[in-house]
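A quick write-up on the structure given underneath.
The values are calculated or read from the model by the stated rules, or taken from the named source; none is laboratory data. As the structure is a computational prediction, the values presented were derived from the model and not from experiment. Counting neighbours? That spans all protein chains shown, and the Cβs are built from the backbone with ideal geometry, glycine included.
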Protein chains: 4
Amino acid sequence: MKKIKVGILGATGAVGQRLVQLLTNHPWFEINSLCASEKSAGKPYGDIVNWKISTGIPGEIAKLKVGLCEPTIDAKLVFSALDSSVAGEIEENFAKNGYVVVSNSRNHRMDSDVPLLIPEVNASHLKLIEIQKKRWGLRGFIVTNPNCTVCGLTLVLKPLDDAFGVKKVIVTSMQALSGAGYPGVASLDALDNVIPYIDGEEEKLETEPLKILGEFKNGRIVDRDLKISAHCNRVSVRDGHTETLTIEFEKKPARDAIIKVLSGFKGESYKLDLPSAPKKPIVYLPGRDRPQPVLDRNIGDGMSVAVGRVRESSVLDFKLVLLVHNTIRGAAGAAILNAELLLAKRLI
Amino acid sequence: MKKIKVGILGATGAVGQRLVQLLTNHPWFEINSLCASEKSAGKPYGDIVNWKISTGIPGEIAKLKVGLCEPTIDAKLVFSALDSSVAGEIEENFAKNGYVVVSNSRNHRMDSDVPLLIPEVNASHLKLIEIQKKRWGLRGFIVTNPNCTVCGLTLVLKPLDDAFGVKKVIVTSMQALSGAGYPGVASLDALDNVIPYIDGEEEKLETEPLKILGEFKNGRIVDRDLKISAHCNRVSVRDGHTETLTIEFEKKPARDAIIKVLSGFKGESYKLDLPSAPKKPIVYLPGRDRPQPVLDRNIGDGMSVAVGRVRESSVLDFKLVLLVHNTIRGAAGAAILNAELLLAKRLI
Amino acid sequence: MKKIKVGILGATGAVGQRLVQLLTNHPWFEINSLCASEKSAGKPYGDIVNWKISTGIPGEIAKLKVGLCEPTIDAKLVFSALDSSVAGEIEENFAKNGYVVVSNSRNHRMDSDVPLLIPEVNASHLKLIEIQKKRWGLRGFIVTNPNCTVCGLTLVLKPLDDAFGVKKVIVTSMQALSGAGYPGVASLDALDNVIPYIDGEEEKLETEPLKILGEFKNGRIVDRDLKISAHCNRVSVRDGHTETLTIEFEKKPARDAIIKVLSGFKGESYKLDLPSAPKKPIVYLPGRDRPQPVLDRNIGDGMSVAVGRVRESSVLDFKLVLLVHNTIRGAAGAAILNAELLLAKRLI
Amino acid sequence: MKKIKVGILGATGAVGQRLVQLLTNHPWFEINSLCASEKSAGKPYGDIVNWKISTGIPGEIAKLKVGLCEPTIDAKLVFSALDSSVAGEIEENFAKNGYVVVSNSRNHRMDSDVPLLIPEVNASHLKLIEIQKKRWGLRGFIVTNPNCTVCGLTLVLKPLDDAFGVKKVIVTSMQALSGAGYPGVASLDALDNVIPYIDGEEEKLETEPLKILGEFKNGRIVDRDLKISAHCNRVSVRDGHTETLTIEFEKKPARDAIIKVLSGFKGESYKLDLPSAPKKPIVYLPGRDRPQPVLDRNIGDGMSVAVGRVRESSVLDFKLVLLVHNTIRGAAGAAILNAELLLAKRLI
């Protein structure tokens, strides 16, 4: 199979760098264009990127000349890691011009005809694409992946909702510094501290999962009818968002049943054997003090969500803890998995 | 007024050191005896303590010779900062021999005739002392202060419960390293990590507040009938436990009413003018990203609980964040405030 | 004595906030004007400052309306905590207009007629002021304090140089995050990391001490003839710069003699009894693992330099470790002490 | 080639775990025995190890039953990661009984007939083995690798010494927490702090390199005649020791010559193509703020030493910064590379 040429919009930022890392030596995709803002354009990527991933910048990519975010690049598919201040318009421009846009930005996530996609959870929402294409008048379209904290939460809620019906969720997140990008959080705010607020995050956590868990019906997504209430906090961790969940079910299951359902979850996209898909989307850890970012964030190459401490709660029904690698499963890896799904479903 | 001579049991540990610091130059108490285990006894305190408080060890205290934890010391009142593996028996031994024991240890907290005391919340529970004294056959007795995380939670619940009736609480704590004592948490577990488990902590958080908020009736405490469900986590913070709360009330109040009730809380002991009592037991912070340990843990010299982010919740009724200085308001300062209450009430 | 009215230029930054904190309730000075950039001017200080000091913003100061950095304010003396990108010109402008400028900025430090001042070390350099005044044609002038890392180093070198003659120094610093201001170092660069480079810092450390230790002769300072070689590193510490020193003397002294000279150091300004002067400018700590930022940075209210681990070296002569509180002794406190010296010497 | 069966002594500790990780799927060695103290013996490794490496414990190894550290195991070669309190005797016992002991412990490092080995630096010291064997009266023997900080320092000094003659070195280390093992440094000592002391470390740093850089002559090693003076500090970093060096040469070279010699270094063992040998033992990084632990510690899979900031010094001749991964190149990886060298040289 010949590899598909892809571009990366916003290639110099934190998520852009992760995309570069994860797409290097990808079996299906080949980085052909790196796009960034005007001040970077025209220079070799290695000269202008402030590379922050410990594996180092891939040699051949370092030499690629950076271009502008304009829909004239030689690629069928573009990954967007653009800042939300500019992503909306640029992504639309690419879609209008026939590109498939796989975006990590929040701008189009809640558009009624744009799939907010987690392959294991709602591959069926790809049906929105046909509807969306009409908007752009061409073969281009946009798919998005959810916010990093949402991704971990929704992956865990999906099998529980399917099996037992989820009614209410209270979630407190302890989110990693990398979620704020670079330079992001000041060290004087991070050291020896917790910041009990992340701008816009609780709103996303309370709404995005409802769309993702919703049903495609009569040409649109009907949101899942459940309630989520969120507390979002920033803690002194590099990568890996920890979330404590308290859940009420339609019918309270046994603890063992919950663990079985989580461990056995395969997801809608399982049979497609996508290259970035983890063998187990959810890994249950029996240790009494797990999951922990430093020990568990790389499970499934950062694409699995780790779950532990499933136990009964005296308020609502059950409590558990989950951990999601925010820049892999929650951002760059999520986008790549979405692109793989599109290709496997012959939508590119 | 002549100062009361006091002893400190377990004077070399983390809480013991805080007691030494806070009792130095105390207007009512005077440290007369420092007691520790056999291997320290007979040596000057300054030679054997691994002092960890940034203000330095008070000069005159450094010279005090450390004694054994035996009820022969020249003091009326002893503060106990003993490890729970030995606290139970030693404290009983002191009470039996006529000492007033003000303990921070968990061993006797849930004894039916021992007050689990926060002066602002349940000074009325001092009535248990008369009953308890019969147990020891003498004038000695034990009073205890709650667990550090419980202290912050209960101080905030008290005025809300009085005003609106609290029915259910879900709390997620992000607790400081100093709560585990010294050496406590290994640095390799703390750096770049969250540990979603603290041994025995969730049980305390779910039960101790019910006793504290209970009512003295017919010679015993009737627990308050409300439900608390807890998630306890360790984060990389030196001092200051942050707790996110979601609360259901008997009758849902307006947001402003909650803030007013919290800010206006004075507590049962207000009129006694205790030297360690903060002017405001609860300080409401309007900033959208407060309270934060690094900025707010020392409010009221570490004796006030800081509260912020009061907002409605789609599950249960309201959400908020609180911060309590765990080694001051949650341990050494709590014990000293209890001793001051005893003296003000002429129980010593 | 009536208090002197003072202004603070750059009042909203990290050093500006420390100046506000330390000048509140100062026995000799009274904050009359807070000056900042155009976007802050006209608003109450409390509304626009992003206050980061744990003691909280003093109530009366919060209400002060912020003004522009223009030499029309009602004050005799201004403290400058301006960024070096603008400090040069603004400070000159104030001096020209008759103000006494006490600056923490680097712009004028090496001007031949500007004292680079540490009261305990080179109060005699105040003689430069008469010469400098001619430059401005008026009674205004500028005095500066050294870079934070330089301040600790020079205070320790002074008594050693006086007693034994210092020839060569190799210094490796491990500098606190607050030295970079706010937001300063990104948390992703600080967590789990050492950055072995601080822009411009090694140059300052290798040159500023030579001027400070120099001699006033024939109307100018003759630099001290000794060699300093520096390695500067940023580490994950909030406040407190640690420096390891290896020193060669003109005549190698005994270890005890070094400790005696350091411990006994009082400095030129000792008899003036300046309010911010520490009782001991240098505190020698005998513990084998001291000084440590978390334990020792507040010695002498942050105005003393802590020294430990004095021992022979097989290369050059002696090794030791020092710790200086960078935002107090190394910045705001240094400037205030300089202003106190000026007042005591009747130069204001 | 059939794999050599190996045992690991002290398999549950921090270095023991790294050995397990790095030996899993090793092309030449196969873990056959895991040995630990009495309290662990008889149980599956996975049940008793407190595994702390983020890649997870290899499945087949988890099932291995742990044995005692007794020379009856089915293996030719044992890796020793024993604590120095017991390593000396146990290692001798294995050597006496005919095992090849490849040790990371310090006990036998300075024995006159035991090679203190870095394959790239002093493979020629293997000649000591013939002499040592006589001590044990059998075919067993011990080889050791140096202390973690020494390993980085010596690898960098070797090519410089060969090319220009090194006379004097002043080194300040900023060492990672993992160097102290687990639990090791308390989090309350690590957070927001630098500890300017590591027990015994400076002595090792000042002596071990002299043996490693020494010459085998008349049946013994003649130490290299140069002087090293060390300051050792603990900083809040998980893995990776940073060292600042100031060096005096016999003949001061040009800066470019130093960089060329470092970058071009291949080492004595280069032609043997050992599986764990990095392509480049020393990687020179031109960035002005490199090397940094978080970005550079994994260069060469943690087996290369990263060097940066080569520049002239006004005291002695040159300054530079190096970074060595302390648990890989400085411990477990070092031991494995030594074992590979023994096999390649047909000494097993």
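Collect the residues in segment D:49-86 that are under 19 Å from D:Ile142 (Cα atoms), touching a residue at least 60 places away in the same chain (Cβ under 8 Å) and under 23 Å from the mean Cα position of the chain (by Cα), keeping them in residue-number order. Those that are under 19 Å from D:Ile142 (Cα atoms), touching a residue at least 60 places away in the same chain (Cβ under 8 Å) and under 23 Å from the mean Cα position of the chain (by Cα): D:Cys69, D:Ala75, D:Lys76, D:Leu77, D:Val78, D:Phe79, D:Ser80, D:Ala81, D:Leu82, D:Asp83.
Would it be correct to say that B:Lys271 is over 16 Å from the mean Cα position of the chain (by Cα), within 14 Å of another protein chain (Cβ to nearest Cβ), within 17 Å of B:Glu340 (Cα to Cα) and free of Cβ contacts under 8 Å to residues at least 40 places away in the same chain? For B:Lys271, the condition - over 16 Å from the mean Cα position of the chain (by Cα), within 14 Å of another protein chain (Cβ to nearest Cβ), within 17 Å of B:Glu340 (Cα to Cα) and free of Cβ contacts under 8 Å to residues at least 40 places away in the same chain - is not met.
Somewhere in segment A:253-265, is a residue within 14 Å of chain B (Cβ to nearest Cβ) and within 26 Å of B:Leu245 (Cβ to Cβ)? Checked against the condition, which is being within 14 Å of chain B (Cβ to nearest Cβ) and within 26 Å of B:Leu245 (Cβ to Cβ), segment A:253-265 yields no hits at all. For D:Pro293, which of the numbered conditions (1) buried (at least 21 other Cβ atoms within 10 Å of the Cβ); (2) in contact with a strand residue (DSSP E or B) (Cβ under 6 Å, 6 or more places away or on another chain); (3) under 30 Å from A:Val49 (Cβ atoms); (4) within 14 Å of chain C (Cβ to nearest Cβ) fails to hold? So the condition that D:Pro293 fails would be (2). Note on segment A:152-198: among residues that are in contact (Cβ under 8 Å) with a residue 60 or more places away in the chain and among the polar types (S, T, N, Q), the one that is farthest from A:Lys260 (Cα to Cα) is A:Ser178.
Strands (runs of 3 or more DSSP E) fully within segment D:176-252 that include at least 3 residues being within 9 Å of another protein chain (Cβ to nearest Cβ): D:227-234, D:241-249. Considering (1) buried (at least 23 other Cβ atoms within 10 Å of the Cβ); (2) hydroxyl-bearing (Ser, Thr, Tyr); (3) touching a strand residue (DSSP E or B) at 6+ places or on another chain (Cβ under 8 Å); (4) closer than 30 Å to D:Ala14 by Cα, the lone condition that B:Tyr182 does not fulfil carries the number (1). When A:Lys279 is tested against (1) basic (Lys, Arg); (2) surrounded by 23 or more Cβ atoms within 10 Å (Cβ to Cβ); (3) farther than 22 Å from A:Val78 by Cα, exactly one condition is not met: (2).
Checked against (1) in contact (Cβ under 8 Å) with a residue 12 or more places away in the chain; (2) surrounded by fewer than 22 Cβ atoms within 10 Å (Cβ to Cβ); (3) over 29 Å from A:Ile170 (Cβ atoms), B:Lys133 meets all criteria but (1).
Looking at A:Ser105, A:Ser124 in this structure, which one is over 27 Å from A:Ala11 (Cα atoms), outside the structural domain of A:Ile212 (by TED's automatic domain parsing) and in contact with a strand residue (DSSP E or B) (Cβ under 6 Å, 6 or more places away or on another chain)? Quick ask: steps written out before the conclusion?
Details: A:Ser105 fails: over 27 Å from A:Ala11 (Cα atoms).
The conditions single out A:Ser124.
The set of residues from segment B:27-48 being within 23 Å of the chain's Cα centre (by Cα), closer than 16 Å to B:Gly59 by Cβ and surrounded by fewer than 24 Cβ atoms within 10 Å (Cβ to Cβ) comprises B:Glu30, B:Ile31. Number of residues in segment B:311-329 that are of a type in the set (Val, Ile, Thr) and within 12 Å of chain A (Cβ to nearest Cβ): the value is 2.
Within segment D:195-203, can one find any residue that is under 30 Å from C:Ala176 (Cα atoms), in contact with a Pro (Cβ under 8 Å, 6 or more places away or on another chain), buried (at least 19 other Cβ atoms within 10 Å of the Cβ) and not assigned by TED's automatic domain parsing to the domain that holds D:Ser105?
Residues of segment D:195-203 that are under 30 Å from C:Ala176 (Cα atoms), as a first pass: D:195-203.
Checking which are in contact with a Pro (Cβ under 8 Å, 6 or more places away or on another chain) leaves us with D:196.
Checking which are buried (at least 19 other Cβ atoms within 10 Å of the Cβ) leaves us with D:196.
Checking which are not assigned by TED's automatic domain parsing to the domain that holds D:Ser105 leaves us with D:196.
Within segment D:195-203, one or more residues are under 30 Å from C:Ala176 (Cα atoms), in contact with a Pro (Cβ under 8 Å, 6 or more places away or on another chain), buried (at least 19 other Cβ atoms within 10 Å of the Cβ) and not assigned by TED's automatic domain parsing to the domain that holds D:Ser105.
Taken over segment C:4-23, the criterion of being out of contact with any Ser or Thr (no Cβ under 9 Å at 6 or more places or on another chain) and modelled with pLDDT under 95 is satisfied by C:Gly13 alone. Applying the criterion of being in contact (Cβ under 8 Å) with a residue 12 or more places away in the chain and surrounded by fewer than 16 Cβ atoms within 10 Å (Cβ to Cβ) to the residues of segment C:237-258, the residue that is nearest to C:Val169 (Cα to Cα) is C:Glu250. Those residues that are within 29 Å of C:Ala180 (Cβ to Cβ) and surrounded by fewer than 23 Cβ atoms within 10 Å (Cβ to Cβ), I need them from segment C:215-228; list them, please. Result: C:Asp223, C:Arg224, C:Leu226, C:Lys227.
Matching residues to (1) assigned to a helix (DSSP H, G or I); (2) out of contact with any helix residue (DSSP H, G or I) (no Cβ under 9 Å at 6 or more places or on another chain); (3) closer than 23 Å to C:Arg238 by Cβ; (4) not polar (S, T, N, Q):
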position	(1), (2), (3), (4)
C:Glu268	no, no, no, yes
C:Pro278	no, no, yes, yes
C:Tyr284	no, no, no, yes
C:Arg290	no, no, yes, yes
C:Leu316	no, yes, no, yes
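Looking at D:Ala339, D:Ala332, D:Ala306, which one is out of contact with any helix residue (DSSP H, G or I) (no Cβ under 6 Å at 6 or more places or on another chain) and buried (at least 21 other Cβ atoms within 10 Å of the Cβ)?
On the way: D:Ala332 fails: out of contact with any helix residue (DSSP H, G or I) (no Cβ under 6 Å at 6 or more places or on another chain); D:Ala306 fails: out of contact with any helix residue (DSSP H, G or I) (no Cβ under 6 Å at 6 or more places or on another chain).
None of the others qualify; the one that does is D:Ala339.
On inspection, C:Ala95 qualifies as among the aliphatic types (A, V, I, L, M), buried (at least 24 other Cβ atoms within 10 Å of the Cβ) and within 23 Å of C:Leu23 (Cβ to Cβ). Can you find a residue in segment C:293-309 that is without any contact (Cβ under 8 Å) to a residue 24 or more places away in the chain, of a type in the set (D, E, K, R) and within 19 Å of C:His325 (Cα to Cα)? Yes, because at least one residue in segment C:293-309 is without any contact (Cβ under 8 Å) to a residue 24 or more places away in the chain, of a type in the set (D, E, K, R) and within 19 Å of C:His325 (Cα to Cα). Can you tell me which residue within segment C:131-161, out of those that are in contact with a strand residue (DSSP E or B) (Cβ under 9 Å, 6 or more places away or on another chain) and of a type in the set (Gly, Ala, Ser), is nearest to C:Lys217 (Cα to Cα)? The selected residue is C:Gly140.
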